[in-house]
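What follows is a single structure, written as structure tokens, with notes after it.
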Amino acid sequence: MPLKRGMKITSWVVLAFFCFGASAYAADELLVLKAARMFDGKSNSLIQNGVVVIKDDKIVDAGSNLQIPGGARVIDLGDATLCPGFMDAHTHLTEDFSGNYNERRLRELDLNVSEQAIQATEFARVTIEAGFTTVRDLGSRFVASHEFVDVALRNSINKRVVVGPRMLVATKGIGATGGHFDPTNGFRDFLFGREPDYKDGIADGPDEIRKAVRFEVKNGADVIKAAVSGGVLSLTDEVDTPQLTPDEIAALVDESHRLRKKVAVHCHGDQVAREAIEAGVDSIEHGSFMKPDTLAMMKKKGTFLTPTLMASEWIMGKIGNYPAALQAKAKAATAARSDMFRNAVKMGVKISFGTDAAVYPHGQNAKEFKLMVDLGMSPIDALKSATANDAELLGIAQKVGTLEKGKLADVIAVPGDPTADITATERVSFVMKEGRIIRQGPSGADKTEKRASLDVSGFRRLIHFAVLFG
Ligand SMILES: [Zn+2]
């Protein structure tokens, strides 16, 4: 019986659709965004007179010179370019490594993890206000704590308790004893009472690696991150040495892929990059010392490179903030990464946009665009890296990454033409996530100005709700 009844309802719906199908949406439910130009996330040039039509949380139409449905609410952004919300495939929204290195290490031990979590809500807010509506957050750990702050932040954003970008989180990240991710590196032995283990993301041997992957997925990881080589901001390792064996990397990739999670590996060194690419990782993060042959392997395999140029840029600009050993590692990695990136662009390696936010202050993510363009990438390809490419790498291309019918309405605007001046991406003037306006108005470089513009946007939001519900 229930089946028949269901069929009856369906046929009424079908009949109703044919009767009223011509006006699928009531015009007063539609919101229209207009601007002089539009970047749709996939085309090789900008579209003139861009129009995006939105209903609830989705795009129902997008294109050039579309007819505006009568009665729709229209926001005309003028001499600006509409873009899909930017994505950053490498952030650490729960952390801040940007100040003096040793002061930060001490502060992290002083502060209650709950207080650090509250700070993270501010990092999430400034990130989305800079136009980044999605991030892949690659690691959140607090020494001697088992809290999953990134999972909590992601969930709170999804529940709209906190304003921030859509997050895909990696929880702790996985690495070897004494490797880049070992949180006790550089502290006196057993200062924290025990050696870190899989519950801290520290694992040795294929079986323990599998256990760490399973433990992270159980606790909410969307993506698996691992350190296969040394890193810059760790005290007891060399920057380019292999830290996982081929057997360990194979176990990491196999276990993650079996659980339908992608694998991002922190990797500066060339040798272990080859081993990781061979094992089938989805992205190489940093990749500073990779040689052309290794890049050719990536191209063949379709492995993404997430270059994080901002990280080395920031560290080199504040080199006095770091202990001497880290200064030497930073210099070596930075000297190598520019040629590596130029080669990757020339060879057509898939490049995702990722910045290592936390190494520099949150909210400056868009400065990566100019660094990419200065090293030989075309502005349109740089824009694609932060939209369609990241959506592909994150496995969410069916939902976001382009301005197309059926996609979630993550839409931002930048002033002028970003293909003529890529730094326009640093002055995002409008941010919408899933059909909700996060901010509207000029961004301010300094904090005071930013606060003022936020208040205005809050006020506008109030008016918006008053209009909707008044
Ligand atoms: Zn990182």
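From the residues in region 351-410 that are among the acidic types (Asp, Glu) and open to solvent by 20 Å² or more (accessible area, probe 1.4 Å), which one is farthest from the ligand (Cβ to nearest atom)?
Glu404
Can you pull out every residue in region 248-263 that is in a loop (DSSP other than H, G, I, E, B) and of a type outside the set (Lys, Arg)?
Leu259
Could you please give the count of residues in region 264-323 that are within 16 Å of the ligand (Cβ to nearest atom), of a type outside the set (S, T, N, Q), under 23 Å from Asp96 (Cβ atoms) and in a helix (DSSP H, G or I)?
Counting residues in region 264-323 that are within 16 Å of the ligand (Cβ to nearest atom), of a type outside the set (S, T, N, Q), under 23 Å from Asp96 (Cβ atoms) and in a helix (DSSP H, G or I) gives 6.
Out of the strands (runs of 3 or more DSSP E) lying entirely within region 17-101, which hold 1 or more residues that are modelled with pLDDT of 95 or more and crowded, with 23+ Cβ neighbours inside 10 Å?
In region 17-101, the matching strands (runs of 3 or more DSSP E) lie at 30-38, 47-55, 58-64, 80-84, 86-91.
Select from region 168-192 the residues that are aliphatic (A, V, I, L, M) and touching a residue at least 40 places away in the same chain (Cβ under 8 Å) and write down the one among them that is farthest from Val151 (Cα to Cα).
Ranking the qualifying residues of region 168-192, first place goes to Ala176.
Can you confirm whether Leu326 is within 19 Å of the chain's Cα centre (by Cα) and either within 16 Å of the ligand (Cβ to nearest atom) or buried (at least 24 other Cβ atoms within 10 Å of the Cβ) (or both)?
It is false that Leu326 is within 19 Å of the chain's Cα centre (by Cα) and either within 16 Å of the ligand (Cβ to nearest atom) or buried (at least 24 other Cβ atoms within 10 Å of the Cβ) (or both).
The values are calculated or read from the model by the stated rules, or taken from the named source; none is laboratory data. Note that the structure is predicted; figures quoted are calculated from it, not measured. A quick note on method: Cβ atoms are made from the backbone with ideal geometry, for glycine too, and the neighbour counts reach across all protein chains shown. These area figures cover heavy atoms from the full protein model, side chains too; ligands, DNA and RNA do not enter into them. Shrake-Rupley method; radii C 1.70, N 1.55, O 1.52, S 1.80 Å.
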